[in-house]
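Written out below as structure tokens is the structure these notes cover.
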Amino acid sequence: MTVTSVNNKPAAEIPVKHSAGKTTLNTLKIMRQSQRPIAMLTCYDFPTAKILATCGVPVLLVGDSAATTVLGESSTIHATMDFMVLLTRAVRRGAPEVFLMGDMPFGSYATVESAVGNGKRFLAEAGADCVKLECDLRHESIVRAMTMAGIPVCAHLGLLPQRAVQQGGYRYQGRTEQEADRLVREAVAMEQAGAELLLLEAVPDRVSQRIVEAVDCPVLGCGAGPSCHGHVLVLHDMLGYTEKVPRFVERFGTVTAAVAEAASAYVQAVETRAYPQVRHQYGVKES
Ligand code: KIV
């Protein structure tokens, strides 16, 4: 199903929301307390960030999914620190007031030293408000050291794409009681280590519900059911750029059709010499 209308209004007529000031960690905590759902999207570039900011998206994630969505790589492990910092800076320029989350790429938080150093780069060089890292219980000391160093952390639990091989593929997590218990333990441990936010990817809602009850911080879900305080989708999935999407993805637009239509019209205009016209040309002064 493609969602092109809200309350029977065509998408084009949905009023554009303007931001009411800078979204902070505190805003997200208040949203959790007041049960106001948090809408979050991935974003990788300046012009898109500008659009998303005017639509009132409070949280943007510069995900390492950029390796697949933007670069066409087969997995997220191809994202590098320099690439992620560059993209995060671009998104910050386009959306100065959103809460901006940078995604620590594969290998960038393998040790306490590298995690703190690279986390600082996201904040100081790229203007991120927090960083996200794919965690399990073994990351407790890393999360603790990062938060002690003043780096706000979002702990990503559940399906960990950077560890797809170790997890046996892109499989949803928390399938059994033991797995669910482990995820709850991980969530509590990450919050106790200082994580300010949790992100659950591909877990059943029953597991999310247990986690939401066990922690005080906002819990963001990516295919983790309605119990989460907020939800994130990969922009390219929800815009219809991606052909094969996980079952939890809803398509809210079909951007490919619009891009294809414009590109085809351009090709036709060039081939028929309808473009360029006189108004597109520069003149030469008669000396
Ligand atoms: O990289 C990414 O886009 C993510 C989301 C799937 C949560 O981590």
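Quick look at the values:
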| item | result |
| --- | --- |
| Pick from region 36-50, criterion away from the ligand (no atom under 11 Å from the Cβ) and either assigned to a strand (DSSP E or B) or without any contact (Cβ under 8 Å) to a residue 40 or more places away in the chain (or both), ranking: farthest from Ala95 (Cα to Cα) | Arg36 |
| Residues located in region 197-218, provided they are more than 12 Å from the ligand (Cβ to nearest atom) and within 22 Å of Leu52 (Cβ to Cβ) | Pro218 |
| Only listed residue being of a type in the set (Gly, Ala, Ser) and over 23 Å from Val59 (Cα atoms), chosen from Ala195, Ala189, Ala202 | Ala189 |
| Wholly within region 57-147, helices (runs of 4 or more DSSP H) carrying at least 1 residues that are in contact with a Leu (Cβ under 9 Å, 6 or more places away or on another chain) and more than 16 Å from the ligand (Cβ to nearest atom) | 81-94, 112-124 |
| Test: residue in region 222-241 that is more than 16 Å from the ligand (Cβ to nearest atom) and among the hydrophobic types (A, V, I, L, M, F, W, C) | no |
| Of all residues making up region 155-194, the number that are among the small types (Gly, Ala, Ser), within 15 Å of the ligand (Cβ to nearest atom) and within 19 Å of Val232 (Cα to Cα) | 2 |
| Unique residue being over 28 Å from Ile38 (Cβ atoms) and in contact with a Pro (Cβ under 9 Å, 6 or more places away or on another chain) when the list is Val284, Val278, Val259, Val270 | Val270 |
| Subset of region 223-245 [in contact with a Lys or Arg (Cβ under 7 Å, 6 or more places away or on another chain) and over 30 Å from Ala260 (Cα atoms)] | His229 |
| Members of region 151-173 found to be part of a loop (DSSP other than H, G, I, E, B), farther than 20 Å from Val59 by Cβ and without any contact (Cβ under 8 Å) to a residue 40 or more places away in the chain, listed by number | Val165, Gln166, Gln167, Gly168, Gly169, Arg171, Gln173 |
| Condition met for Leu233 (under 22 Å from Leu157 (Cβ atoms) and touching a His at 6+ places or on another chain (Cβ under 6 Å)) | no |
| Test: residue in region 76-96 that is in contact (Cβ under 8 Å) with a residue 60 or more places away in the chain, within 25 Å of Leu159 (Cβ to Cβ) and among the small types (Gly, Ala, Ser) | no |
| Members of region 187-211 found to be touching a helix residue (DSSP H, G or I) at 6+ places or on another chain (Cβ under 8 Å) and under 20 Å from Ser108 (Cβ atoms), listed by number | Met190, Ala193, Gly194, Ala195, Glu196, Leu197, Leu198, Glu201 |
| Count of residues meeting criterion [buried (at least 21 other Cβ atoms within 10 Å of the Cβ) and on the phi > 0 side of the Ramachandran plot] in region 139-193 | 2 |
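A quick yes/no check of all residues on (1) surrounded by 11 or more Cβ atoms within 10 Å (Cβ to Cβ); (2) of a type outside the set (S, T, N, Q):
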{"position": "Asp216", "(1), (2)": "no, yes"}
{"position": "Gly223", "(1), (2)": "yes, yes"}
{"position": "Ser227", "(1), (2)": "yes, no"}
{"position": "Leu239", "(1), (2)": "yes, yes"}
{"position": "Tyr266", "(1), (2)": "yes, yes"}
{"position": "His280", "(1), (2)": "no, yes"}
{"position": "Gly283", "(1), (2)": "no, yes"}
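Every number in this text was worked out from the coordinates using simple rules, so none of it is lab data. Just so we're clear, the structure is a prediction, and the values are computed from it rather than from any experiment. Don't worry about glycine lacking a Cβ; one is built from the backbone with ideal geometry, like all the others, and counts go over all protein chains shown.
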